[in-house]
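Below is one structure, written out as structure tokens, with a few remarks after it.
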Amino acid sequence: MAEEEAAQQHFHAAGATVTLQGHHAPGKSSASCWGMVIRCRAAVAWATGKPLSLEEVEVAPPKAGEVRIKIVATGICRTDDHILEGSFPDVDFPVIPGHEGAGIVESLGEGVTSVKPGEKVILVSLPHCGECSFCLNPESNYCLKSHLSEPQNLLPDKTSRFTCKGKQIHHFLWVSTFSEYTVIPEYAVAKIDAAAPLDKVCLLGCGFSTGYGAAINAAKVKPGSTCAIFGLGGVGLSVVIGCKVAGASRIIAIDINKDKFAKAKELGATDCLNPRDFKKPIQEVVTEMTGHGVDYSFEAIGLADTMIAALASCNMNTGVCVMVGLADSGSLISIDPMLLLSGRTWKGTLLGGWKMRDCIPKLVSSYLEKKFNSDLLITHTLPITKVNEGFELLRAGKSIRTVLLF
Ligand code: APR
Ligand code: ZN
Ligand code: ZN
């Protein structure tokens, strides 16, 4: 029977052999696996503290309101590493991590209208339902369907689309971009320009947008201003890019790894400081260098001490400090209240303040118009089979962003 033949076919996608199981929906193109289970490769985290294992997983078809996407490229973000370390107890194992991905729509669940098979998309790790009170507020980019309000370890109907060796595998932030195919709700998909190179713009799914938006949206950096950025990973260097695009005249880049300084300068940093080179606290060094502290400071590491140092580095009265780094769950900060009473503004930002489904396509257009060059953040490109090597490079401080290709 033709339908059963189709159910057992093999086809080649990006060099990989994918085995299909299931049945074609009547009237759908045989090039798509519409309605079928797809067997493909994914990097699975079975437990905390262990390397990822490359497995063959089954990816069920999308249900109503969901989209199945073929992932083409995904970045490795420090948050994925925090997950593997077990720093976030609200993430359930086994899980397929990854949240900085770009791909092509493969098939749609019932009722999905905003994207079509074959279209290029970025998966957004901060959803944008467009209907909740936060989405309806023009000032907010937080959506009540976000992980902080309701864990995204399963899809909204509280089931998983992933299985491996007979076990259910959890989703991560809904997106799970370390799988060749993934299923996510429609409101976590942003359709982008067909001309966009997916192996480059995947960074706009998290790291780049987070850092760049911290400067542009959260701080609203003004031309001629002074800025200090703590932490020069993919996120902090994206803050540097944002400060430069916004016209800051002095950009002070701070990291304990001096190997990050050449890239920071290439992206627009005017001064680079290693706190370990100074006897006095780095906030005092920054304050002396600038007279009364910087106009804008940013913390892109996720540590309590550097959060306080960043706050104290900005002007005591008019300074704005933006928290970008993600601290381990349960972390606490204790500060001298005078730091704020004197007038400083201390704020945080998630995903750079962008309303994701509206803004990511526009950021992709800005990328294509060369308003910024996020490609400079990509230091390594590896096949998904080398995912653990990608994490080793990050832990050793040797990479900014590694892009994994399927
Ligand atoms: N002082 C200064 N710099 C530091 C310190 C410190 N005490 N500790 C670490 N760093 C530097 C590291 O050397 C590294 O260059 O901070 C940088 C952090 O970069 P990455 O680990 O590459 O992380 P990134 O992906 O940029 O994410 C930064 O944002 O999304 C969150 O979870 C993520 O909290 C993390 C942060
Ligand atoms: Zn919403
Ligand atoms: Zn991230």
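Bear in mind these aren't lab numbers, they're just calculated from the coordinates by the rules spelled out. If you're wondering where the values come from, they're calculated on a predicted model, not measured in any experiment. Neighbour counts run over all protein chains shown; Cβ positions are idealised from the backbone, glycine included.
Going down the list Lys200/Lys355; Lys116/Lys158; Lys63/Lys167; Lys258/Lys355, which pairs span over 31 Å between their C-alpha atoms?
Distance filter (> 31 Å) returns Lys258/Lys355.
Considering only region 236-388, what is the antiparallel percent among its DSSP beta bridges, to the nearest 5?
0
Sort 232-239, 369-376 by packing, meaning the average of other beta carbons within 10 Å per residue, with the highest value first.
Result, highest mean first: 232-239, 369-376.
Setting aside same-chain residues fewer than 8 positions from Lys165, which aspartates and glutamates have a Cα under 19 Å from its Cα?
Glu55, Glu56, Glu58, Asp92, Glu180
Of Ile96, Ile254, how do they rank once you tally other Cβ atoms within 10 Å and put the fewest first?
The fewest-first ordering by Cβ neighbours comes to Ile96, Ile254.
Taking H placed 1.01 Å from N in the peptide plane, check which residues at least 5 places from Ser297 or on another chain put their amide H under 5 Å from its amide H.
Those qualifying (amide H under 5 Å, at least 5 residues apart or on another chain) are Ala228, Val320, Cys321, Val322.
Mind jotting down a quarter of the surface of the convex hull over the alpha carbons of region 45-164, in square nanometres, one decimal?
Averaged projected area of region 45-164's Cα convex hull equals 8.2 nm².
Need one number: nm distance between label points at Lys370 and Asp92, each 7 Å from Cα along Cα→Cβ, rounded to one decimal.
Distance between the two pseudo-spin positions: 4.9 nm.
Could you list Arg39, Arg161, Arg276 so that the one with the fewest beta carbons within 10 Å of its beta carbon is first and the one with the most is last?
Fewest-to-most ranking of Arg39, Arg161, Arg276: Arg276, Arg39, Arg161.
Could you size up the charge dipole of the chain around its Cα centre, putting +1 on the beta carbon of Lys and Arg and -1 on that of Asp and Glu, and report it in debye to the nearest 20?
760
Quick one: Kirkwood hydrodynamic radius for region 214-309, alpha-carbon pairs, angstrom, one decimal?
12.9
Convert each backbone phi in region 196-203 into a coupling constant with the Karplus relation 6.51 cos²θ - 1.76 cosθ + 1.60 (shift: θ = phi - 60°), then list the ³J(HN,Hα) values in order as whole Hz, x for Gly and Pro.
In residue order, the calculated couplings are 6, x, 5, 6, 10, 6, 4, 4 Hz.
In the neighborhood of Ala194, defined by Cβ-to-Cβ distances under 12 Å, what is the net charge if each Lys or Arg adds +1 and each Asp or Glu adds -1?
Residues near Ala194 contribute +1 overall.
Counting Lys +1, Arg +1, Asp -1, Glu -1, what net charge surrounds Cys206 among other residues with beta carbon under 12 Å of its beta carbon?
Net local charge, Cys206 excluded: 0.
Considering only DSSP beta bridges whose two residues both sit in the chain, what percent are antiparallel, to the nearest 5?
60
Skipping prolines and chain starts, which residues have an amide H placed within reach, meaning under 5 Å, of the one on Val37, given they are 5 or more residues away or on another chain?
Counting only residues 5 or more places away or on other chains, the set is Gln21, Gly22, His23.
How are the Cα pair distances of region 198-241 distributed, in percent, across 10 Å bins from 0?
Result, from short to long distances: 29, 52, 17, 2 percent.
Around Gly325, what is the net charge, scoring Lys/Arg as +1 and Asp/Glu as -1 over all other residues with Cβ under 14 Å from its Cβ?
The answer is -3.
Which percentage, to the nearest 5, of the DSSP beta bridges contained in region 143-289 is antiparallel?
So the antiparallel bridges in region 143-289 amount to around 25 percent.
Evaluate the distance, in nm, between pseudo-label points positioned 7 Å from the Cα of Leu154 and of Asn317 along their respective Cα→Cβ axes.
For Leu154 paired with Asn317, the spin-label model returns 5.6 nm.
Can you compute the FRET efficiency between Lys362 and Asn137 using 1/(1 + (r/R0)^6), with r the Cβ-Cβ distance and R0 = 22 Å? Round to the nearest 0.05.
0.70
Whole number please: convex hull volume per residue of the Cα set in region 263-348, in Å³?
Each residue corresponds to 112 Å³ of Cα convex hull volume.
Ratio of alpha-carbon Rg to the 2.2 N^0.38 Å globular estimate for the chain, to two decimals, please.
1.01
Considering the chain as a Gaussian network with a 10 Å cut-off on Cα pairs, which listed residue, Lys279, Lys200, Lys260, attains the greatest mean-square fluctuation?
In the Gaussian network model the winner is Lys279.
Can you give me the pair-distance distribution of region 90-245, C-alpha pairs, 10 Å bins, whole percents?
10, 33, 36, 16, 4, 0
Kindly write out, for region 331-339 in residue order, the coupling ³J(HN,Hα) from the Karplus curve 6.51 cos²θ - 1.76 cosθ + 1.60 (θ = phi - 60°), rounded to whole Hz, with x marking Gly and Pro.
5, 10, 10, 10, 10, 6, x, 4, 4
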